Amino acid sequence: MTRCLRLQISTPQQLLLELDDVVSFRGEDASGCFGLLAGHEDFLTVLQPTVLRWRRASGEQGFCAVQGGVLSLSRQVLRVACRDGIVDTRLEKLEAGVHRAQQTQVESGRQARVEHVRLHTQAVRQLVRYLRPAQGIEPPLDPLGGQHERSA
C-alpha cells in the first residue's frame, strides 16, 4: 500500500478540507515552489499567496487558492492554516471562484469606505451643531447628561 499524507486546510472559521489519502503536495513559500511526499521530514513554512495542489491515491487532483498562511508537516499530517481559502477539484472553477471572491472583497471595501465617510460627515455635523448652536435653540446635552451653559 502506498504511504499517504493526511491533509487538513483550515481557516479560523472552518475546516475547508480534510483528506487521508494525499500522495503528493505542492505549494509556494518565499524560497519558491516546493513539493512534499509521504515520508518527508517534518516541515514548517510560511506560504505566499498561491494555489496549493495535491494528488490523492486515486489519482484525483485538488486545488486550494490561499492568500498566504502557515504550513506544517508533522508525523505525516500536513496542516495548512490560512485566513481564507477556496477549494476545488478543477482549476477553471477555482479561477472563477477566486475572481468572485476578489469582486466581493472589492465591493465590501467600497461599502466600508462609503460608511466611513458617512459616519465621519455625521460626526462633523454634530460637532458643528454643538459648537455653533442656532439662535433660540438650546445647545445639545453634554455627554454626561446635563446641558451646557451658554456663554454670553
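The values are calculated or read from the model by the stated rules, or taken from the named source; none is laboratory data. Computed from a predicted structure; not experimentally measured. Note that we place each Cβ from the backbone using ideal geometry, even for glycine, and neighbour counts take in every protein chain shown.
Points to keep in mind about this one:
- Scan of the range 30-49 for residues that are more than 16 Å from D84 (Cβ to Cβ) and part of a loop (DSSP other than H, G, I, E, B), ordered by number: A30, S31, A38, G39, H40, E41, D42
- Residues within the range 41-77 that are aliphatic (A, V, I, L, M) and within 14 Å of the chain's Cα centre (by Cα), tallied: 4
- Residue match in the range 18-29 (condition: outside any strand (DSSP E or B) and surrounded by fewer than 17 Cβ atoms within 10 Å (Cβ to Cβ)): no
- Residues in the range 99-116 include at least one that is of a type outside the set (D, E) and surrounded by 15 or more Cβ atoms within 10 Å (Cβ to Cβ).
- Candidates L47, L73 - the one that is surrounded by 10 or more Cβ atoms within 10 Å (Cβ to Cβ), in the same structural domain as S24 (by TED's automatic domain parsing) and either modelled with pLDDT under 85 or in contact with a His (Cβ under 7 Å, 6 or more places away or on another chain) (or both): L73
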